[in-house]
1. Taking a 1.4 Å probe, which of Asp345, Asp141 shows the most accessible area, and what order do the others take after it?
2. Ordered by packing density, taken as the mean number of other Cβ atoms within 10 Å over each peptide's residues, highest first, how do 259-267, 152-160, 19-27 rank?
3. Name the residue, out of Leu116, Leu198, Leu338, whose mean-square fluctuation peaks in a Gaussian network model built on the chain with Cα pairs under 10 Å.
4. Students often get this wrong, so try it: which of (i) 73, 41, 39; (ii) 61, 50, 41; (iii) 65, 50, 31 is Cα extents along the principal axes in Å as calculated from the structure shown?
5. Write down the accessible area per residue of the chain in Å², having rolled a 1.4 Å probe over the full set of protein chains.
6. Where the accessible area of the chain is counted over protein heavy atoms with a 1.4 Å probe, how much of it, in %, is carbon and sulfur?
7. Going Cα to Cα from Lys279, which lysines come in below 17 Å? Please leave out same-chain ones fewer than 8 positions away.
Amino acid sequence: MSTPTSTTSAESAGPVDWAKLVADARPGVVRLEVASCDARWMGTGFVVGPHQIMTAAHVAIDAQTVSVQGDGFNTTADVVALDRGSDSALLWSPEDLQHPLKLAPVAPQLAAPVALLGFPQAVSDLRVTQGIVSGLQASADYSDVDIHLAGLIATDAAINGGNSGGPALGRDGSVIGLVTGKQVWNVEDDPVEGTGFLVPAAQLAPHLREWRDLTPPDGGRGCDGDNQAPEAQGSILEVEVVPDSAEAGDVARSLVLHGESINHGDYEIAWGLFTPRLKRDLGSLSTWESGLGSSYWTNLTVGSVEVSGDEAVVEAALRTEQDAKDGYRGQTCSIYSLTYSMKRDGAAWLIDHAKNAQGSPRACP
């Protein structure tokens with residue numbers, strides 16, 4: 001156990017080089033796009049192991065699909081563990097994640113500096129806010145998701161929707177806490193400013209030790225009405241996004257979420273990523289999903305993304321696998337050269353049109 005002397009010494013050291021600490025931590029912070037059967041939302045997470053991402057439980061609750069944008073990569077993840085008592089959850093990704101962040105071994109002192117990393121209000125680029133530790137025994141209640149928290153770190157650093165699940169760094173670059181939320185009103189309905197909450201590293205560490213070796217369960221997901229959903233069969237969608245820009249990653253992530261939803265038989269979620277115009281062209285959810293049969297997305301390469309205002313054109317190569325009875329001319333593996341037209345809808349990109357350059361898929365070599 002660390003002594004009070006060593007902790008005090010660390011806290012009373014010279015000025016913090018936040019630019020360097022944030023640059024070092026940045027590769028370990030990820031943007032999450034989560035979908036349930038009837039909604040989509042954004043959050044933040046941070047890498048804690050080769051395939052593990054920690055985030056807030058309220059970000060992961062009811063998740064059917066999770067799309068992950070990292071520093072130079074896009075991938076997917078599954079929720080493998082969740083604890084409402086500490087508002088923490090662990091995600092497992094097939095990506096060999098690098099740059100894990102370390103949990104702080106000791107609690108911060110009152111008035112210690114802190115920096116929060118995340119993606120507030122669904123932005124595509126990482127944002128940082130700074131403040132101090134303003135309290136050490138705060139509490140918070142999120143009755144809508146049945147989460148009641150105590151022993152929290154309070155901070156005056158700015159927190160907004162999308163920050164949830166992100167790391168709060170101390171002056172040595174370790175994670176002193178996980179961003180869980182903020183207080184907006186008091187009991188008299190007066191506005192409250194500068195009161196955010198962090199789940200201390202000491203509450204996260206036992207769960208992380210317990211969850212380290214967990215991997216996703218087989219199957220078990222699906223939405224009401226997805227009666228034709230096939231078994232997932234452990235299908236993993238491999239993704240490559242060639243353009244190195246936040247906008248390209250943002251657009252690609254909607255395609256990844258669409259493909260992952262198809263893979264898990266969550267056709268209602270996949271359908272929700274079409275524009276109203278495309279939905280009209282396709283007829284209905286039941287008509288569209290009846291044509292999917294046993295098809296799975298296995299590889300998606302986004303070759304180019306051209307964004308103009310709220311519209312985007314995406315050139316992509318897609319590989320699917322399916323039973324011969326469902327494949328074009330009996331193909332069990334097909335390759336499509338696709339041009340997607342997409343439109344921005346708030347924080348998300350929706351598919352408005354898709355055209356195959358060859359007119360029909362070609363069989364895999």
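The values are calculated or read from the model by the stated rules, or taken from the named source; none is laboratory data. This is a predicted model, so every value here is computed, not measured. Using ideal geometry, Cβ is built from the backbone for each residue, glycine included, and neighbour counts are taken over all protein chains shown. Remember, those area values only see protein heavy atoms, side chains included, never the ligands or the DNA or RNA. Shrake-Rupley method; radii C 1.70, N 1.55, O 1.52, S 1.80 Å.
1. Asp141, Asp345
2. 259-267, 152-160, 19-27
3. The residue that fluctuates most here is Leu338.
4. The calculated read-out lines up with (i).
5. In whole numbers, the chain has 45 Å² accessible per residue.
6. Percent of accessible area from carbon and sulfur atoms in the chain: 49.
7. Lys343, Lys355
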